[in-house]
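The values are calculated or read from the model by the stated rules, or taken from the named source; none is laboratory data. Computed from a prediction, not measured in an experiment: that's the story for all the values here. With ideal geometry, Cβ positions are generated from the backbone for all residues, glycine too; neighbour counts draw on all protein chains shown. With ligands, DNA and RNA removed, areas are computed over all heavy atoms of the protein, side chains included. Shrake-Rupley method; radii C 1.70, N 1.55, O 1.52, S 1.80 Å.
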Amino acid sequence: MLADNNDSIGESNSEDAQLEWKQLGLSDGMLDALAGLGFRTPTPVQQKTIPQAMRGCDLLVQAKTGSGKTLAFGLPIIEMLDPEADCVQALVLTPTRELALQVATEIIRTGGMAEKSVVPIFGGASINVQIKKLKAGGKVVVGTPGRILDHISRGTLSLGRARMVVLDEVDEMMDRGFLPDVNHILDMTPSEKQMMVFSATIPDDIRRMILKRMREPQHIQIGEAGYSVNYDVHHSFYRTQRLHKFVTLVNVLHSIPRTKTLIFTNTKSDCERVAEYLHKESFSVGFLDGDLSQSVRQLTLNLFKDGTLDVMVCTDVAARGIDIFGVSHVINYDLPENKEMYLHRTGRTGRAGRKGEAISLVAPNELLQLGDIRKQLGIEIDEVAVPDKDGVSANFKRTMIERLKSMEEEGYADDLSLLADELLEAVEPYALTAGLLTYLRQRGFDLSSGYDVENPEHKIRLFDRAPMLGRQDINQQMSQRREKRSGR
Ligand code: ADP
Ligand code: MG
């Protein structure tokens, strides 16, 4: 079961690191590019896939989340492009728009390619811009099936000379009902092409379905048959009541030391609702689901990536393939419908050899399902007690102390250091600290922290926010005053 436990990414103290890449048959230019990116050694799936791919074999590849599958097909694509041929030579299909953009970006970045030669094609974005890019000499197209078909039928995309076709997250494409579209697209490509399909989960029925379209495919499998578990993710769950899930979520968010946190809900309405609640609780939160416009989807994702938002609530549209640096926790607000989705959602953390935490909030009616997921995947999911008032406050204080210490290490602005000196000279340290905290509270700075789990209607606050008047209250006050005056 632990077969792929030691295949963590990147780190190697051997001087021969570059040699490992070289042995895969990559060019010198590519070796330099990889060194520049800090990718010292190929990951196991890259080691097994790249040489076969460069030989032109059809490949069916299954390896765990975050193990570098994109470059396992991306590098061979880049290496095998013919700079002279002015046509689409490689096509990558993905189930979601965000993933298409991410894969295109990774290929451009790694290959040091001109942006115009790799064209992302997906719905919700301007079709005219895409047409221009295709005309300008796109050699690699990365996209979602619907929009690709659209371009084919408009005659703005020709796949007649494509030599390589990749299906990323192949099982999700089938689950989303893209099989007819995918078949249609494949029919537009030459029969002599090379086909490669990838996922961390390839159930038997889907394997059979897709094998029909491949020629003597090699099977590369890292991990268990059917699905590959990522052992860098630690799994735990909190028992809660359906009605108290939100309260539990807030307490959990307040009590765990975390960085970026992704929360998955099963429905779009819950996604928005949970985000709205968290916003009211003063978390910096955004949400991502398929009902948002594409520009808002991309904006939200970018704000989460760059750390402006530290919590993002999403539906399964973000469960597949999305690679965000620094996600420490994935939280299942609801359990997903099957083990595959559980694996992909929780696979948004613990990527590229780093450790990650997956947490599920489980209502009594979900306990059986949790047991099934645990059994089917053969993983441990530890039960953790929901943090109570003490747990929440302890973490709040711990975080505050850590923050103060790290600020001290980072140093302060000159004017603030001077002010600090002056204040310390004038006021006792205790009075200064307590006074500054009181000042913060009076200024409306939110020092709140979670709910009483025994009595969830009751919010516990370490430092209660002083009541503040909103604009509406003030308007009301003023109009009352006017009425009073005119009544006189
Ligand atoms: P998968 O498709 O298997 O889920 P990705 O291709 O998204 O995984 O890769 C996960 C992360 O690992 C990405 O951030 C990627 O840039 C990084 N990565 C890929 N190959 C290597 C490597 N050889 N060494 C270090 N990091 C790598
Ligand atoms: Mg991937």
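Residue by residue, what Karplus-based ³J(HN,Hα) values in Hz, rounded to whole numbers, does region 304-314 have, using 6.51, -1.76 and 1.60 with θ = phi - 60° and x for Gly and Pro?
Per-residue couplings from phi come out as 6, 4, 7, x, 4, 9, 10, 10, 10, 9, 8 Hz.
Relative to the Cα centre, what is the charge dipole magnitude of region 276-318, using +1 at the beta carbon of each Lys and Arg, -1 at the beta carbon of each Asp and Glu, and rounding to the nearest 20 debye? Intermediate values should be presented prior to the final figure.
Numbers: 3 positive and 7 negative charges, 25 e Å.
Rounded to the nearest 20 debye, it is 120 debye.
For the chain, take the longest principal axis of its alpha carbons; what is the angle in degrees between that and the long axis of helix 245-255, to the nearest 10 within 0 to 90?
For helix 245-255, the angle is close to 80 degrees.
Using helices alone, what [θ] at 222 nm do you get for the chain, with -39,500 (n - 2.57) per DSSP H run of 4 or more residues, divided over all residues and rounded to the nearest 500?
Taking each H run of at least 4 residues, the total per residue is -13500 deg cm²/dmol.
Once Lys and Arg get +1 and Asp and Glu get -1 on their Cβ, which of Gly123, Phe73, Pro429 lies farthest toward the positive end of the dipole of the chain?
Gly123
Using alpha carbon centroids, what distance separates region 270-299 and region 121-143, in Å?
28 Å
Using the structure shown, select from Lys280/Lys389; Lys116/Lys212; Lys260/Lys397; Lys22/Lys116 the pairs with a Cα to Cα distance greater than 22 angstrom.
Flagged as over cut-off: Lys116/Lys212; Lys22/Lys116.
Compute the angle between helix 389-410 and the longest alpha-carbon principal axis of the chain, please, reported from 0 to 90 degrees and rounded to the nearest 10.
80 degrees
Taking 0.36 nm per residue of separation and subtracting the Cα-Cα distance, what length does fully extending Asp187 through Ser486 add?
The span from Asp187 to Ser486 would gain 99.7 nm if fully extended.
Per the 1.4 Å probe, what fraction of the accessible area of the chain, in percent, lies on carbon and sulfur atoms?
Carbon-and-sulfur percentage of accessible area, whole number: 51.
Over 45 Å, how big is the tail of the calculated P(r) for the chain, in percent of all Cα pairs? If you can, show how the numbers build up before the last one.
Working: 28384 of 118828 pairs.
Here the long-distance tail beyond 45 Å is 24 percent of all Cα pairs in the chain.
Based on Cβ point charges of +1 for Lys and Arg and -1 for Asp and Glu, what charge dipole magnitude is obtained for region 43-171 about its Cα centre, in debye rounded to the nearest 20?
Result for region 43-171 is approximately 180 debye, rounded to the nearest 20.
Roughly what % antiparallel, to the nearest 5, for the DSSP beta bridges in the chain?
5 percent
In terms of modelled amide H atoms, which long-range or inter-chain residues lie less than 5 Å from the amide H of Ile263?
Met312, Val313, Cys314, Ile331
Could you provide, to the nearest whole Å², the per residue accessible area of region 245-373 with probe 1.4 Å?
35 Å²
Where does region 15-127 land on Rg(C-alpha)/(2.2 N^0.38 Å)?
1.08
About the Cα centre of the chain, how large is the charge dipole given +1 on each Lys and Arg Cβ and -1 on each Asp and Glu Cβ? Please answer in debye to the nearest 20.
So the dipole magnitude of the chain works out to roughly 1640 debye.
In whole Hz, with x marking every Gly and Pro, tabulate ³J(HN,Hα) for region 170-182 from phi via Karplus 6.51 cos²θ - 1.76 cosθ + 1.60, θ = phi - 60°.
My calculation for region 170-182 gives 4, 5, 5, 4, 5, 4, 7, x, 7, 3, x, 4, 4 Hz in order.
Return the distance in nm (one decimal) between the two label points of a simple spin-label model at Ala85 and Met400, each offset 7 Å from Cα along Cα→Cβ.
So the label points at Ala85 and Met400 sit 6.5 nm apart.
Taking 41 Å as R0, compute the FRET efficiency from the Cβ-Cβ separation of Ile152 and Ile324 and round it to 0.05.
My answer for the efficiency is 0.80.
Taking all pairs of different Cα atoms in region 352-420, averaging 1/r and flipping that mean, what Kirkwood radius in angstroms comes out?
Kirkwood radius, region 352-420: 16.5 Å.
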